[in-house]
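The values are calculated or read from the model by the stated rules, or taken from the named source; none is laboratory data. Quantities reported herein were computed from a predicted structural model and do not represent experimental measurements. Note: ideal-geometry Cβ built from the backbone for every residue, glycine included; neighbour counts use all protein chains shown.
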Amino acid sequence: MLNQQARGFVAGLRRSRFVRDRRGVSAVEFALVAPVMICLYFGCVEVSDAVAVDRKVSLTAAALANLSAQVTTISANDMTNILDASGAIIQPYDASKLKMTITCISIDSTKKATVKWSVTRNGTANSGTMTLPSALAVANTQLVLAEASYAYAPTVGYNITGSLNLSDKMYMAPRQTSPTYNGTACT
C-alpha cells in the first residue's frame, strides 16, 4: 500500500505545474555554478600574480649578482646604485617588502668559504663562514652571492595562506677580479 501511495505521489508530481515549469532552471544552475567559477577566477589571478612576483625576485637576484661581479671596486655610492637598480625590477610591486643582500665570499686552499664583506637592504648581512654547494667550492677563488626575498601577501587568499616568502639566490664568479667594497678586499 505504501509503495502504491509513493507511485501516486510521483505521478502527481509529474503532472503538476511545478515540475513542468522550466523557467527557473538556468537561474538555479547559475546559482550553483557561479561561486565555483568566481573562486576559480580569483584563484587563477592570485597564482599568476604570485608567479609574476617570484619571477621578479629571481631577476632581482640575477641583477644583483651580475652588477656586483662585473666591477673591481664598489664604493658606498656604487652599492646604493646597484641596490636601487636591482630593486627597481620588483615594480609595480611594493619595493619595501624586498630584501636584498650581496656577499663576497673568499674560498681558501682548504675550500673553506669565508665572508669578506656583505651589504644588505632590508635584510641581514652575512658574516663568518658559509657552506657552499660542493660544485662551487673551488680552492683559491672568490664568489659573489646575491640573495633576494619578497614577502608576498595574496590579496584574496591571505587568510588561508598568510604571507608567502618568495626568495632566490645566485652565485657568480667575479668577471675580472674579486670586487673590493669600501676598501675591503674579497681576497
> Using beta carbons and a limit of 8 Å, which pairs, at least six apart or on different chains, have the first residue in segment 95-117 and in contact (Cβ under 8 Å) with a residue 60 or more places away in the chain and the second one in a helix (DSSP H, G or I) and surrounded by 19 or more Cβ atoms within 10 Å (Cβ to Cβ)?
Replying inline: Cys104/Ser68
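Check whether at least one residue in segment 176-184 is modelled with pLDDT of 95 or more and in a strand (DSSP E or B), and report yes or no. Working first, answer last.
Quick first cut of segment 176-184, residues modelled with pLDDT of 95 or more only: none.
Looking for residues that are modelled with pLDDT of 95 or more and in a strand (DSSP E or B), one finds none in segment 176-184, hence no.
Just for segment 133-147: of the residues that are free of Cβ contacts under 8 Å to residues at least 60 places away in the same chain and assigned to a strand (DSSP E or B), which one is surrounded by the fewest Cβ atoms within 10 Å (Cβ to Cβ)? Break it down into steps so the answer makes sense when it comes.
Taking segment 133-147 as the starting set, the residues that turn out to be free of Cβ contacts under 8 Å to residues at least 60 places away in the same chain are 133-143.
Keeping just the survivors that are assigned to a strand (DSSP E or B) gives 141-143.
On the way: Thr141: 17, Gln142: 20, Leu143: 23.
Out of the qualifying residues, it is Thr141.
Suppose the filter is small (Gly, Ala, Ser) and surrounded by fewer than 18 Cβ atoms within 10 Å (Cβ to Cβ); does Ala113 pass it?
No, not satisfied.
Whether any residue in segment 162-169 is basic (Lys, Arg) and over 16 Å from the mean Cα position of the chain (by Cα) is what I want to check. Walk me through how you get there before you give the answer.
Start the filter on segment 162-169 by keeping residues that are basic (Lys, Arg), which leaves 169.
Narrowing the set further to residues that are over 16 Å from the mean Cα position of the chain (by Cα) leaves none.
No, the conditions are met nowhere in segment 162-169.
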